[in-house]
1. Which of (1) assigned to a loop (DSSP other than H, G, I, E, B); (2) within 16 Å of ligand 7 (Cβ to nearest atom) is the odd one out, the single condition Val398 does not satisfy?
2. For Ile249, work out the one condition from (1) within 16 Å of ligand 4 (Cβ to nearest atom); (2) assigned to a helix (DSSP H, G or I) it doesn't fulfil.
3. Being modelled with pLDDT of 95 or more, assigned to a loop (DSSP other than H, G, I, E, B) and surrounded by 15 or more Cβ atoms within 10 Å (Cβ to Cβ) is true for just one of Gly370, Gly322. Which residue is that?
4. Would you check if there is a residue in region 302-312 being in contact with an Asp or Glu (Cβ under 8 Å, 6 or more places away or on another chain), part of a loop (DSSP other than H, G, I, E, B), closer than 27 Å to Ile449 by Cβ and more than 16 Å from ligand 1 (Cβ to nearest atom)?
5. List, please: which pairs have Cβ atoms under 7 Å, are six or more places apart or on different chains, and start with a residue in region 256-267 that is at positive phi and end with one that is assigned to a helix (DSSP H, G or I)?
6. Of all residues in region 348-378 being touching a residue at least 12 places away in the same chain (Cβ under 8 Å) and β-branched (Val, Ile, Thr), which is farthest from Ala257 (Cα to Cα)?
7. Can we say Cys278 is part of a loop (DSSP other than H, G, I, E, B), out of contact with any Ser or Thr (no Cβ under 7 Å at 6 or more places or on another chain), more than 30 Å from Gly172 (Cα to Cα) and among the hydrophobic types (A, V, I, L, M, F, W, C)?
8. Which of the numbered conditions does Ala320 fail, given that it passes all the others? Conditions: (1) within 16 Å of ligand 6 (Cβ to nearest atom); (2) assigned by TED's automatic domain parsing to the domain that holds Val462.
Amino acid sequence: MNHRDVRKTNCMKINSKTWNQYSIRTIFSDQRAFSLKGVALLVALFIFSSCTSPLPDGLPEEISTRGECSICHGSSDNAAPPRSLSGSDLTTDIAVGAHQIHLTGGAIRAALPCESCHTVPATVDQPGHQDPSPAEIIWSALASSNGSTPTWDRTNARCSSVYCHGSSLSGGIVTSPAWTVVDSSQTACGSCHGTPPPPPHETNNQCYTCHSGTVTMSGEINILSSQHINGFIESSDNPHPTGWADATIHGYAFFDAPEGCKTCHGSDLGGGTSGLSCDSCHAGGESWRTDCTYCHGGLDNTSGAPPYGLLGQTSVSIKAVGAHTAHLMESPSHTAWDCTVCHVVPSAWDDAGHMDGVTGAELMFTPPSGTGAVYSSSTATCSSLYCHGNGRTVSGSVLWTSSTNLSCVSCHGYYTNYGSLSGEHSKHLEEAVRCSSCHQTIINSSNIIINKTAHINAVRDVSLSSGVYYPSTRSCSINDCHGSESW
Ligand code: HEC
Ligand code: HEC
Ligand code: HEC
Ligand code: HEC
Ligand code: HEC
Ligand code: HEC
Ligand code: HEC
Ligand code: HEC
Ligand code: HEC
Ligand code: HEC
């Protein structure tokens, strides 16, 4: 094709989509004989200007701006194919291939620029741009990182020895990817390097444990950190053993020795010299710090009391769990107790005395337990108790891990075993007098406790159905039953 033909073609196609790609490319192919691109451009301009058909608005001035790059190739998304110079949209065409998967980014890396594979012209007429087909592949520093010498094999449409595809790594199964195969088969983990790479790399496949900047806990690439396929291998100076990220491993180690973690993770566990905050992967970020059911409790209620025990225990027969729920729930005989009856309660996880690394919880009894109450962890038994006593002495004792429900007679006499009750109980009960006759604010005639707050509160409540009881003298006023008598 001579210049005159070119000019004709040019004028003919001037309003068609393929005008520019076809004509200018042809012009340049033609001008190879002159080997002078400058001359070529002049000829092109001459042709444009001498053409009698209308020219696209503003050409050639505006095509020298990047905004107009997609006139000849690419689309409104970017200047890369599709569309190719010949108008193709097919990824199976070498001119189109895997352009867009590289340029839009995805699950394994953010978008790459054209410069990764080409010299990008600043203007359309930049020397080297519209030279004879095919397009030149000029590798970037990233593609050549770590001593890689990438090659483009046009015959087989494959790239080889590209750093990005694992040329310097081991274990990858597709390190010479096919340019015209655009599916997930070449971008899956394992394509470019093993998951994990073979030994001497660690066999641990929880990547985030040591590559926390690259991979999230759920195994996805952290695109925002820009650490993946960036030319550098990032790993942490991690002192922890395999499996440490497991909640039951590092969490339980924290229960045992919370202070030790602060050495590296900071006194506020916000990262310290390790750079890794304890808030970074816990569900809900920093909310674990104030969540009383994060480390213990949460199964029967949201108070923080076991079950679950610290190690996840749920059985009442295990002392970490024991009779927590039985105490914290209202029952026929008692109100719902508060933790403070048996423990000092922290307001935050890091309150002094709370997580003090001492194995097991501390018991600190307050009324009505009685200040002399004792808990033995080795026997899981409470003794010298008021609340499990007979109401007169501080001598009650009870097994914390028992699952037998207590009855009215477990602590003091009732209509049975009334001999253990004080004073004249026996006499009255033998005469079939009801408890409600003398404890009417506490119990009704159907033997239902009607004021649980006043039962087991360290006060003996006597209120007679007839007459008045004087606690100081333990006597009653003359009433319907008999005269004033001492109990
Ligand atoms: C991952 C590497 C890579 C990136 C990134 C890349 N290209 Fe390409 N490009 C290629 C390959 C491979 C070819 C085909 C070369 C061949 O035909 O031998 C090509 C061909 C082309 C062609 C010629 C199309 C044709 O019809 O012959 C154009 C134009 C082009 N690229 C433009 C771009 C632009 C613009 C960008 C950025 C927006 C870009 N490329 C980004 C690898 C890349
Ligand atoms: C008038 C048509 C036309 C315009 C406008 C145009 N290009 Fe091109 N471009 C081509 C042709 C033709 C090729 C193919 C050259 C080859 O095969 O070597 C090409 C190839 C490329 C390539 C592949 C690398 C190479 O040099 O082979 C890139 C990158 C590219 N163009 C970027 C751009 C950018 C950026 C702009 C806007 C500044 C632009 N193009 C505008 C025609 C054009
Ligand atoms: C127990 C810690 C640990 C775990 C878990 C771990 N890595 Fe690594 N990884 C390292 C260390 C340490 C290096 C070497 C860092 C260096 O060379 O600076 C490394 C290097 C690498 C490299 C570069 C290898 C090379 O040949 O240079 C890749 C790729 C890699 N890891 C991927 C993974 C993937 C994928 C996973 C999860 C499937 C993973 N790693 C899990 C510690 C770990
Ligand atoms: C297209 C090739 C490719 C694919 C696919 C790929 N990687 Fe990589 N990966 C690399 C390269 C190259 C490195 C070398 C280090 C670098 O430059 O970031 C790397 C390094 C890593 C590292 C070491 C830490 C680092 O950033 O240096 C981890 C971990 C890793 N990849 C995990 C994954 C996981 C998980 C997947 C799947 C979601 C995956 N990779 C898929 C190419 C790939
Ligand atoms: C000698 C310093 C040091 C001590 C002590 C330490 N850590 Fe770490 N820890 C680190 C470093 C460094 C990392 C890795 C940081 C990164 O990946 O960016 C890490 C990572 C972790 C991780 C993430 C999972 C993993 O394996 O990478 C957890 C969880 C963790 N530490 C918990 C703890 C707990 C709990 C304690 C106390 C029982 C503790 N650490 C004590 C330095 C320490
Ligand atoms: C690599 C991610 C990661 C890091 C970093 C991390 N944890 Fe965890 N941790 C978890 C996961 C996952 C759980 C399970 C609960 C959840 O998802 O929040 C957990 C649970 C826990 C638990 C509750 C254990 C249980 O089962 O009752 C404690 C305690 C704990 N972590 C302490 C820490 C401390 C202290 C640090 C910082 C030194 C830390 N964690 C850092 C992932 C991590
Ligand atoms: C009736 C007394 C009592 C009450 C009330 C009580 N606890 Fe406990 N708590 C105990 C006993 C006894 C243990 C077991 C100590 C041991 O390990 O031997 C214990 C243990 C614990 C433990 C440690 C669990 C473990 O895994 O080792 C936690 C946490 C705890 N209690 C929290 C609470 C909270 C929170 C409340 C209030 C919502 C509460 N307790 C109310 C008596 C009580
Ligand atoms: C990070 C884990 C964690 C969180 C969060 C946490 N605790 Fe604890 N808690 C423990 C550990 C561990 C123990 C065992 C006691 C020890 O180590 O001395 C404990 C014990 C207790 C005890 C038994 C008394 C004691 O001091 O031994 C009570 C009561 C308690 N916690 C209440 C709470 C309350 C209320 C909250 C919410 C403000 C809370 N805990 C949040 C870990 C935690
Ligand atoms: C865990 C031990 C315990 C159990 C179980 C128990 N009590 Fe009591 N009860 C006491 C104590 C201690 C007193 C002493 C007074 C006080 O502190 O309120 C008492 C006192 C009473 C009184 C005297 C009124 C008063 O409150 O002073 C009545 C009536 C009574 N109990 C009835 C019952 C009935 C009915 C049941 C069964 C539904 C029952 N008790 C179960 C421990 C218990
Ligand atoms: C005739 C009246 C009367 C009857 C009936 C009676 N109580 Fe009492 N109760 C008292 C008096 C009086 C006290 C002693 C108060 C004091 O110590 O000042 C008392 C005290 C108690 C105490 C505290 C411990 C003790 O032994 O002093 C308990 C527990 C108790 N009664 C339970 C019962 C129960 C259960 C019944 C029914 C089975 C019952 N009472 C029936 C009058 C009665």
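The values are calculated or read from the model by the stated rules, or taken from the named source; none is laboratory data. Treat the numbers as computed from the prediction; the structure is a model and nothing was measured. Cβ coordinates were reconstructed from backbone atoms using ideal geometry, including for glycine residues, and neighbour counts include every protein chain displayed.
1. Condition not satisfied by Val398: (1).
2. In the conditions (1) within 16 Å of ligand 4 (Cβ to nearest atom); (2) assigned to a helix (DSSP H, G or I), Ile249 misses (1) alone.
3. Numbers: Gly370 fails: modelled with pLDDT of 95 or more.
Checking each option against the conditions leaves just Gly322.
4. We begin by selecting, within region 302-312, every residue in contact with an Asp or Glu (Cβ under 8 Å, 6 or more places away or on another chain); these are 307.
From what's left, part of a loop (DSSP other than H, G, I, E, B): 307.
Pick out the ones that are also closer than 27 Å to Ile449 by Cβ and you get 307.
Keeping just the survivors that are more than 16 Å from ligand 1 (Cβ to nearest atom) gives 307.
Looking for residues that are in contact with an Asp or Glu (Cβ under 8 Å, 6 or more places away or on another chain), part of a loop (DSSP other than H, G, I, E, B), closer than 27 Å to Ile449 by Cβ and more than 16 Å from ligand 1 (Cβ to nearest atom), one finds at least one in region 302-312, hence yes.
5. Gly266/Gly272
6. Thr366
7. Working: part of a loop (DSSP other than H, G, I, E, B): yes; out of contact with any Ser or Thr (no Cβ under 7 Å at 6 or more places or on another chain): yes; more than 30 Å from Gly172 (Cα to Cα): yes; among the hydrophobic types (A, V, I, L, M, F, W, C): yes.
The answer is yes for Cys278.
8. Evaluating Ala320 over (1) within 16 Å of ligand 6 (Cβ to nearest atom); (2) assigned by TED's automatic domain parsing to the domain that holds Val462 leaves (2) as the failure.
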